Amino acid sequence: MSEASASELTCEARLDLRHLPDYMDSIADRLQSFEADASHHGQRIDFRFAFGAASFDMERLVMRANAADRDGLARIKDLLATAVQVYARDENPEIVWTGDLANETRLAQFREMVVKDVRDLTLHMRRIRLAGEDLSRFAKFGGMHIRMLFPTREVPDPLWPILGGNGLPVWPADDRRPVARVYTIRALDVAKGIIDVDFLVHPGDSVGSSWAMQAAPGMKVGIMGPVGRPVRQAEWYVMGADETGLPALARLLETLPAETKGVAFVEIANDGERQEIANATGIELHWLTRDGVPAGEDKLLAEAVRSVAWPQGGSAFGWFAAEATAAKIVRVYWRGMLGLGRDETLAAAYWRRGAAGLMAG
Ligand SMILES: Cc1cc2nc3c(=O)[nH]c(=O)nc-3n(C[C@H](O)[C@H](O)[C@H](O)COP(=O)(O)OP(=O)(O)OC[C@H]3O[C@@H](n4cnc5c(N)ncnc54)[C@H](O)[C@@H]3O)c2cc1C
């Protein structure tokens, strides 16, 4: 890792892992999907992010991080610690960071937000405006989503998580622990301290949808993020989303460069669920209606996306966000049949029929 300058924040953690080299391919792959450039120097791998740098030294069994500011360092610590926890789980790694921010207990990625406004966009889509302080990090790091922490009937007055010595959140005991669900930042105004989230109000017992149904100005909710990998820049996109992916798809259409081309499909219950989207791109938008078929049972969206021919030249990206079965059909088609790589496609399950809290953990 290049020497940190005097103004930079730096830290390191020993990795008492017998098999660190065995995990390094997976760890490197994960970090690269967060747009890190990797370079190998003998027993050391360096990673350079837009917001700082990291290295894994397999000889000395240590990982290091440096960044220009607290948000950057906290982000890198979180990415490294999460990758180690995920891939070295069998060795039950104990991570203890030393150096800058080592005694910090404030969780950089957490904000308490207050409901400012509630507005129905359609019969089933409710926009909730949240206000909070210091939201600049939610415009950084390329992630479009947040983990929302809700009070529930069982835990009406939750305690929020704090930062642990390993760089990861420490949660309160179950009787005070909020319940998490993943949502998209539909719009963000850092200067005004405002985030808009569009909630699909769906049938059945739920946490996020139930909270949205009774949300009122003044109510408090926690958010953590941003989460999610950056969407790759490309000249051409094929996109597909159901109502849960619609907020992200709409945000992409409103923010990608004007010269971007492609085709996007959105699956909705019926024509009443159409929304105005200020599509700033040359991507053609098509609405598909289920017309009575229950959400998650219709194969229309996956079939529409599969029917689009991949362009021969130029850069292209496939982006899909919907129910798990549809996401799997599209992922298998893109990755398995067309042989496209992870840097060209992202087919994500945003919910699963019959399962609560998918991806919220
Ligand atoms: C990266 C990401 C971004 C997301 N962004 C958004 C967003 O901006 N807006 C949004 O509304 N959702 C979004 N989702 C989807 C949302 O997280 C899930 O729908 C989540 O399950 C909702 O939580 P809940 O508490 O309402 O329902 P849960 O308690 O999780 O589930 C209760 C029951 O409802 C069912 N259910 C869950 N979702 C749906 C649905 N869409 N339609 C029908 N039944 C359902 C479940 O299968 C289960 O049976 C996103 C998910 C991911 C992974």
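Numerical summary
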item: For the chain: accessible area per residue (Å², 1.4 Å); result: 48
item: Pairwise label distance in nanometres, E35 with D120, each label 7 Å out on the Cα-Cβ vector; result: 3.9
item: Of N66, H19, A36, farthest towards positive along the dipole that unit charges on Lys, Arg, Asp, Glu beta carbons give the range 1-72; result: H19
item: Under the Karplus curve 6.51 cos²θ - 1.76 cosθ + 1.60, θ = phi - 60°, whole-Hz ³J(HN,Hα) for the range 188-198, x wherever Gly or Pro sits; result: 9, 10, 5, 4, 8, x, 10, 10, 9, 10, 9
item: Rounded, prolate or oblate (a/c below 1.5 giving rounded, otherwise prolate when a/b exceeds b/c) for the range 237-317 by Cα gyration tensor; result: oblate
item: Built amide H within the under 5 Å cut-off of E235, gap 5+; result: S315, A316
item: The range 117-190: Cα Rg divided by the 2.2 N^0.38 Å rule of thumb; result: 1.30
item: Summed residue charge, Cβ within 15 Å of P178's Cβ, Lys/Arg positive, Asp/Glu negative; result: +2
item: Spacing of the two label points (7 Å from each Cα toward its C-beta) at R70 and W310, in nm; result: 4.5
item: Charged-residue dipole, Cβ positions (Lys, Arg, Asp, Glu), the chain about Cα centre, Debye nearest 20; result: 300
item: Shape box of the range 1-132 [Cα atoms, principal axes, largest first, Å]; result: 58, 34, 26
item: Rounded, prolate or oblate (a/c below 1.5 giving rounded, otherwise prolate when a/b exceeds b/c) for the chain by Cα gyration tensor; result: oblate
item: Area accessible to solvent at T345, 1.4 Å probe radius, in Å²; result: 10
item: Accessible-area value, S315, 1.4 Å probe, nucleic acids and ligands omitted, Å²; result: 50
item: Vicinal HN-Hα couplings computed from phi for the range 223-235 (Karplus, 6.51 cos²θ - 1.76 cosθ + 1.60; Hz; Gly/Pro x); result: 9, 10, x, x, 10, x, 7, x, 7, 5, 6, 8, 7
item: Computed lengthening from H286 to A50, 0.36 nm per intervening residue step minus Cα-Cα distance; result: 81.5 nm
item: Trypsin sites (Lys or Arg not before Pro) restricted to the range 184-229 and DSSP loop, no more than 13 other C-beta within 10 Å; result: K192
item: Positive-end residue of F199, T255, I95, charge dipole of the chain with Cβ unit charges; result: F199
item: Neighbour net charge for A81 - beta-carbon separation under 13 angstrom, K R +1, D E -1; result: +3
item: Karplus 3J(HN,Hα) series, Hz, for the range 322-335 with 6.51 cos²θ - 1.76 cosθ + 1.60 (x for Gly, Pro); result: 6, 4, 4, 5, 5, 4, 5, 4, 6, 4, 4, 5, 5, 7
item: Neighbour cut-off at most 10 other Cβ (10 Å), DSSP loop, GluC sites (Glu not before Pro), the range 222-273; result: E259
item: Cα-based helix-to-principal-axis angle, 246-255 vs the chain, degrees rounded to 10; result: 80
item: Cα-based reach from K299 at 26 Å (exclusive), listing lysines while leaving out same-chain residues under 8 positions away; result: K261, K328
item: Within the range 194-236, backbone nitrogen closer than 20 Å to the virtual label 7 Å beyond the Cα of A278 toward Cβ; result: 194-199
item: Dipole axis of the chain (+1 Lys, Arg; -1 Asp, Glu on Cβ), positive-most option in P217, L121, Q275; result: P217
item: Solvent accessible area, Å² - V332, 1.4 Å probe, full protein context; result: 80
item: With every protein chain in place, the chain: carbon and sulfur % of accessible area (1.4 Å); result: 48
item: Descending semi-axes in Å of the range 69-228, equivalent ellipsoid built from Cα gyration tensor; result: 29, 18, 14
item: The range 209-361: equivalent-ellipsoid semi-axes (sqrt of 5 x gyration tensor eigenvalues, Cα, Å); result: 26, 18, 17
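The values are calculated or read from the model by the stated rules, or taken from the named source; none is laboratory data. Just so we're clear, the structure is a prediction, and the values are computed from it rather than from any experiment. All Cβ positions, even for glycine, are placed from backbone atoms using ideal geometry, and neighbour counts span all protein chains on display. In case anyone asks, the SASA skips ligands and DNA or RNA and just uses the protein heavy atoms, side chains included. Shrake-Rupley method; radii C 1.70, N 1.55, O 1.52, S 1.80 Å.
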